[in-house]
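Notes follow once the structure below has been shown.
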Amino acid sequence: MGINRHSLEAVRTVAVKGGQIELRCYRPHCDEAADRIPLLLTHGGPGGSSVGLYDALHPLADQRPTLFYDQLGSFTSPAELQLEQMTLKRFATEPLCILDQLRIPHAHLFGHSWGGAVMTQFCLDHPDRVKALLLSSPLLSTQRWLTDCNQLIKKMQLELGESVNLEEEFERRHFCRSTKDADQAALRCERRRGNYKLYKQIWGPSEFQHQGMLSELDLFPSFQDLSHPTLLICGEYDTATPQTMKDAKSAIGDCAQLKVLKDAGHKTYIDRNQALVEVVNDFLAQQD
């Protein structure tokens, strides 16, 4: 069993509007790596946790300072949010609070799923604080997400009939495809950390049903304003579909790259863990 080439240096709380969020700071043992531009990561949901991201992506911290945070109202950052706090704009202020408190002038940003929307909005609001943007299976438009999911569901029904258990089959095909015991155990641990009350309030009852606060979310019209190196990642069977990611890449322009991971669903960091780590490290090495 190998030894990590990084250590947990600090667990901090950062004041944000409405409460405090927890931040976990990892630092490489190698001085050269420790001097690189930090990577700031956040989770999906809404209401997920970056603890699972660290479990899967901790080798990234061997290569550069790596910071994982839970958004306000999530697992290690508990809070009762008011409706006016449940907006993309407010969530996108949290990275600024982190960078300011730690006196980090700029960072690479990584967001998974809903976290991709958060990091994109932050990049649009504070481009001077960002070096590169990494969007893992990102939510970029609520209406596109629902359209894509409905198409996936229709395909399932045509193949399997109307009587199929939609949620179970949808999850097996498009959420987490790995059937390994360790991967399924990791997924169960993630779910135990989730704030499903917050998820339902902001998003809705399931991945393919929206009844929450994000009906107007659409980042596509703003993509022309992105000029940072941007990496889009998705799974071959992702709910953040390869076609929507191709459309996003085209809308962003020459600064964007796209990587589609074979035989992966939405949980790319579980389904294709090693491949995702390699893709992220290779992209960040280009920026270094």
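With respect to the conditions (1) modelled with pLDDT under 95; (2) out of contact with any strand residue (DSSP E or B) (no Cβ under 9 Å at 6 or more places or on another chain); (3) in a helix (DSSP H, G or I), GLN121 falls short on a single one, namely (1).
Select from region 224-255 the residues that are among the β-branched types (Val, Ile, Thr) and part of a loop (DSSP other than H, G, I, E, B) and write down the one among them that is farthest from the chain's Cα centre (by Cα). Looking at the filtered set, the residue picked out is THR241. Checked against (1) within 26 Å of LEU57 (Cα to Cα); (2) of a type outside the set (Val, Ile, Thr); (3) within 18 Å of the chain's Cα centre (by Cα), ASP218 passes all but condition (1).
Among the residues of region 121-139, those identified as touching a helix residue (DSSP H, G or I) at 6+ places or on another chain (Cβ under 8 Å), touching a residue at least 60 places away in the same chain (Cβ under 8 Å) and buried (at least 23 other Cβ atoms within 10 Å of the Cβ) are VAL130, LEU133, LEU134, LEU135, SER136, SER137, PRO138, LEU139. The residue of region 83-107 that is surrounded by the fewest Cβ atoms within 10 Å (Cβ to Cβ), among those that are over 23 Å from ASN195 (Cβ atoms) and charged (D, E, K, R), is ARG103.
Tell me, yes or no, whether region 84-97 has at least one residue that is closer than 25 Å to ARG188 by Cβ and either under 16 Å from the mean Cα position of the chain (by Cα) or basic (Lys, Arg) (or both).
The answer is no; no qualifying residue exists.
In region 152-208, the qualifying residues are those that are touching a residue at least 60 places away in the same chain (Cβ under 8 Å) and more than 28 Å from LEU72 (Cα to Cα), and the one that is surrounded by the fewest Cβ atoms within 10 Å (Cβ to Cβ) is ARG173. The single condition among (1) under 25 Å from HIS210 (Cβ atoms); (2) touching a strand residue (DSSP E or B) at 6+ places or on another chain (Cβ under 7 Å); (3) of a type in the set (A, V, I, L, M) that ALA256 does not meet is (1). Screening CYS255, CYS234 for residues that are surrounded by 13 or more Cβ atoms within 10 Å (Cβ to Cβ), among the hydrophobic types (A, V, I, L, M, F, W, C) and over 16 Å from PRO138 (Cα atoms) leaves exactly one candidate, CYS255. For region 132-191, a tally of residues being of a type outside the set (A, V, I, L, M), part of a helix (DSSP H, G or I) and within 20 Å of TRP203 (Cα to Cα) returns 17.
In region 203-226, the residue that is modelled with the highest pLDDT out of those that are of a type in the set (Gly, Ala, Ser) and farther than 11 Å from THR142 by Cβ is SER222.
Contact annotation: residue pairs with Cβ atoms under 8 Å, 6 or more positions apart or on different chains, pairing a residue in region 265-288 that is over 16 Å from LEU41 (Cβ atoms) with a partner that is assigned to a helix (DSSP H, G or I) and not hydrophobic (A, V, I, L, M, F, W, C), are GLY265/ARG173; GLY265/HIS174; GLY265/ASP271; HIS266/HIS174; ASP271/ASP183.
The values are calculated or read from the model by the stated rules, or taken from the named source; none is laboratory data. Please read all numbers here as calculations on a predicted model, not as lab measurements. Here Cβ is always computed from backbone atoms with ideal geometry, including for glycine, and neighbour counts include all displayed protein chains.
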